[in-house]
Each structure stands twice: as C-alpha cells, then as structure tokens.
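Inspection log for the structure reproduced underneath, given as structure tokens.
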Amino acid sequence: MTSRFTELAVDCHDPERLEVFWCGVLDFKVIDRSEGKVEIGSWVPTVEDVRVRQMSATLLFIQVPEGKTVKNRLHLDVSPIDGSTEDEVTRLLGLGATKTDVGQGSDRNWVVMADPEGN
C-alpha cells in the first residue's frame, strides 16, 4: 500500500478569487465548490483513477479567518510552455500576481511572484 499526493490545500480569505487567478495561470477547471472552499485541477479525480496511478494534484482553497503572517514554507513553481518568461510574467501580472523580492538578486533567470493573497 502507498499513499498518493492528491491535493495541495491553501488557506486563504477568498477561495473564489484564488480560484479565478490559479485557473487562469494553470488552465485548470473547478472540480468542486462548497461554502468556504473551492477545488481546481486539470482533471476530475475518481477514486479508481487515484488508486491506479499517480495523477496530477489538485489545488484546494479553504477559507480561514486568520491572515497570512509569515513567509510561506511551500511555493509553486510554474514555467511557461509556449512563450518567453517575460511574456508569462506580463500575463501573470495581468491576472493579479505581483513581483516579490525574497532576496533572489537580479542575476536570476526566474522571477518570484505572489498570487493575489500574497502566497
């Protein structure tokens, strides 16, 4: 018996706002929605599919009352697949991302960005 990585849960104030942002970034669709939470992914998971093979994980945005107070210890790396990094940065800024300085320096070929809630 083994476990499967099925979803990444993100605490947030506004699950719908993050759903719109991350669906735009990753071309994901809403899989499930209920009060205070939204799950998005590139596929609709079934128990049978998950048991048979490792599938792409989903993102689960869960509404919580407290705000973000410290740096996240986990982050998502995304890479453009059909354009330049510069073009993708411009697109993500248009979706609501912000550039973020975490001490990476200016000599990097990657850009640190935050989603609309600062993740």
Note to self: Condition first: modelled with pLDDT under 95 and touching a Leu at 6+ places or on another chain (Cβ under 9 Å). Can you find one or more residues in segment 79-95 that meet it?
What the structure shows: no
Next item on the list: Just need a number here: residues in segment 81-105 that are under 21 Å from VAL20 (Cα atoms) and either touching a Pro at 6+ places or on another chain (Cβ under 9 Å) or among the hydrophobic types (A, V, I, L, M, F, W, C) (or both).
Entry: 11
Notebook entry, point to check: Which numbered condition trips up LYS37, out of (1) farther than 16 Å from THR6 by Cβ; (2) in contact with a strand residue (DSSP E or B) (Cβ under 6 Å, 6 or more places away or on another chain)?
Noted result: (1)
Margin query: Among the residues of segment 63-71, are any under 21 Å from TRP22 (Cα atoms) and among the hydrophobic types (A, V, I, L, M, F, W, C)?
Written below: yes
Next item on the list: Look through segment 98-119, keep the residues that are surrounded by 10 or more Cβ atoms within 10 Å (Cβ to Cβ) and among the polar types (S, T, N, Q), and return whichever of them is farthest from THR58 (Cα to Cα).
Entry: GLN104
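The values are calculated or read from the model by the stated rules, or taken from the named source; none is laboratory data. All of these numbers come straight from a predicted model, not from anything done at the bench. Cβ atoms come from the backbone with ideal geometry, glycine included; neighbour counts cover every protein chain shown.
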